[in-house]
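Taking it in order: structure first as structure tokens, then the write-up.
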Amino acid sequence: MKLSTKGRYGLRALVDLVLHANGEQVPLVSIAGRQAISVQYLEHVFSALRKGGIVKSIKGPRGGYTLAEPPERMTISRVLQAVEGTHAIMQELGKEEENPGNTIEQVIRESLWQPIDEAVAGILEQVTLADLAEEARRKEADNSPMFYI
């Protein structure tokens, strides 16, 4: 599985959205500034997220984006599916590539690629945006400067 920039930036932007929403819409320009991602690129990413049912957009001067569902219900698998499509290591073989009589190909697919795909899919289904946001909060608190008097 190779995660594109679109997928990585999409996850970063969504975790940022969770951290800064406070029950309101978050402007894309705010996310872009905090994450050092161009607004134009994020517009492209959020278009895919909106079409995938991950976010909702609100237009107007106080507009922005919100999650379509609570972050506890938003799995990373679902987010990546909206932005990247499938996240399988080995795509389904086309008819011209398929060789049903090739035992080695079958063994490699069944013994290696399928178990890896299943393991990755399991992790992506278990982790939610809420999990990532909570971990980010914890790390930020751990890294905050200590002042002694």
Length gain on complete extension for the stretch I58 to N22, per 0.36 nm per residue less the alpha carbon to alpha carbon distance? 11.4 nm
Using 0.36 nm per residue of separation minus the Cα-Cα distance, give me the extension gain between D142 and T75 in nm, one decimal. 21.6 nm
Mean Cα-pair separation over length for the stretch 5-143, i.e. relative contact order, pairs under 8 Å, 6 or more apart, %: 29 percent
Filter K51/K139; K2/K59; K6/K59 down to the pairs with a C-alpha to C-alpha distance above 28 Å, please. K51/K139; K2/K59
Choice from A121, A82, A36 showing the highest fluctuation, given a GNM over the chain with Cα pairs closer than 10 Å: A36
Taking a crude spin-label model, label points 7 Å out from Cα along the C-beta direction, the K51 to R34 distance in nm is 2.7 nm
Evaluate the Debye formula for the stretch 5-143 with equal point scatterers sitting on the alpha carbons, no solvent, and hand back log10 of I(q)/I(0) at q = 0.16, 0.17 Å⁻¹, in q order, two decimals. -0.84, -0.92
Degrees between helix 5-20 axis and first principal axis of the chain (Cα, 0 to 90, nearest 10): 40 degrees
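Readers should treat all values here as calculations from the given coordinates under stated rules, not as data from a laboratory. Bear in mind the structure is a predicted one, so any value in this text is a computation, not a measurement. For neighbour counting, all protein chains shown are included, and Cβ atoms are generated from backbone atoms with ideal geometry for every residue, glycine included.
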